[in-house]
Amino acid sequence: MDEYISKPFSPKILTARVEAILRRSKVAVSEVINVGGICIDKAAHQVTVDGKNVDLSYKEFELMTYFAENQGIALSREKILNNVWNYDYFGDARTIDTHVKKLRSKLGSKGDYIKTIWGMGYKFEVES
């Protein structure tokens with residue numbers, strides 16, 4: 001048994017928990033993501049930019065991975081919050097802005113890949 005949800009629960013919470021279990025079970029499918037000079041090794045929980053190791057917090061790593069897996073897709077703050085922080089997080093959606101700001105600064109020039117979509121959220125887009 002991996003999860004337990006006490007009654008009553010909302011369908012959103014059930015969906016989030018099932019998606020989280022499915023995500024954990026798919027980790028072995030793609031362990032390394034390479035995009036625009038950024039290499040994300042999911043198994044080692046390590047990010048390198050142009051061959052240099054970048055120290056990221058757990059949530060920054062999860063956010064970077066989520067951006068890389070959804071490259072070119074406009075992501076609302078709510079969608080990011082639900083997928084990176086899960087439905088259990090009861091806080092301000094502006095925490096995403098703070099994490100994105102820190103992530104951009106740690107990525108250096110590659111931080112420009114994270115585009116702000118005013119009034120909505122973010123998009124991770126690598127210039128060709």
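The values are calculated or read from the model by the stated rules, or taken from the named source; none is laboratory data. Computed from a predicted model, the values in this text were never measured in an experiment. Cβ placement follows ideal geometry from the backbone for every residue including glycine, while neighbour counts extend to all protein chains displayed.
Figure legend. Inter-residue proximity from the range 105-128: first residues farther than 26 Å from GLY51 by Cβ, second residues in a loop (DSSP other than H, G, I, E, B), beta-carbon distance below 7 Å, spacing 6+ or different chains. Indicated pairs: ILE117/ALA74; MET120/ALA74; GLY121/ALA74. Applying the condition of being loosely packed, with under 12 Cβ neighbours inside 10 Å and of a type in the set (D, E, K, R) to the range 86-100 and asking which residue is modelled with the lowest pLDDT yields ASP88. Can we say ALA16 is at pLDDT below 90, outside any helix (DSSP H, G or I) and among the small types (Gly, Ala, Ser)? The answer is no for ALA16. Considering only residues in the range 56-103 that are in contact with a strand residue (DSSP E or B) (Cβ under 6 Å, 6 or more places away or on another chain), of a type outside the set (A, V, I, L, M) and part of a helix (DSSP H, G or I), the one that is nearest to GLU127 (Cα to Cα) turns out to be PHE67.
Quick check, is LEU107 assigned to a helix (DSSP H, G or I), more than 13 Å from the chain's Cα centre (by Cα) and of a type in the set (A, V, I, L, M, F, W, C)? For LEU107, the condition - assigned to a helix (DSSP H, G or I), more than 13 Å from the chain's Cα centre (by Cα) and of a type in the set (A, V, I, L, M, F, W, C) - is met. Just checking, does the range 67-77 include any residue being crowded, with 16+ Cβ neighbours inside 10 Å and either on the phi > 0 side of the Ramachandran plot or β-branched (Val, Ile, Thr) (or both)? Checked the range 67-77: no residue is crowded, with 16+ Cβ neighbours inside 10 Å and either on the phi > 0 side of the Ramachandran plot or β-branched (Val, Ile, Thr) (or both). Residue check: is LYS52 among the charged types (D, E, K, R) and either exposed (fewer than 13 other Cβ atoms within 10 Å of the Cβ) or at pLDDT below 90 (or both)? It is true that LYS52 is among the charged types (D, E, K, R) and either exposed (fewer than 13 other Cβ atoms within 10 Å of the Cβ) or at pLDDT below 90 (or both).
If you check ASN83 against the conditions, is it closer than 28 Å to VAL18 by Cβ and either aromatic (Phe, Trp, Tyr) or modelled with pLDDT under 90 (or both)? So ASN83 passes the test.
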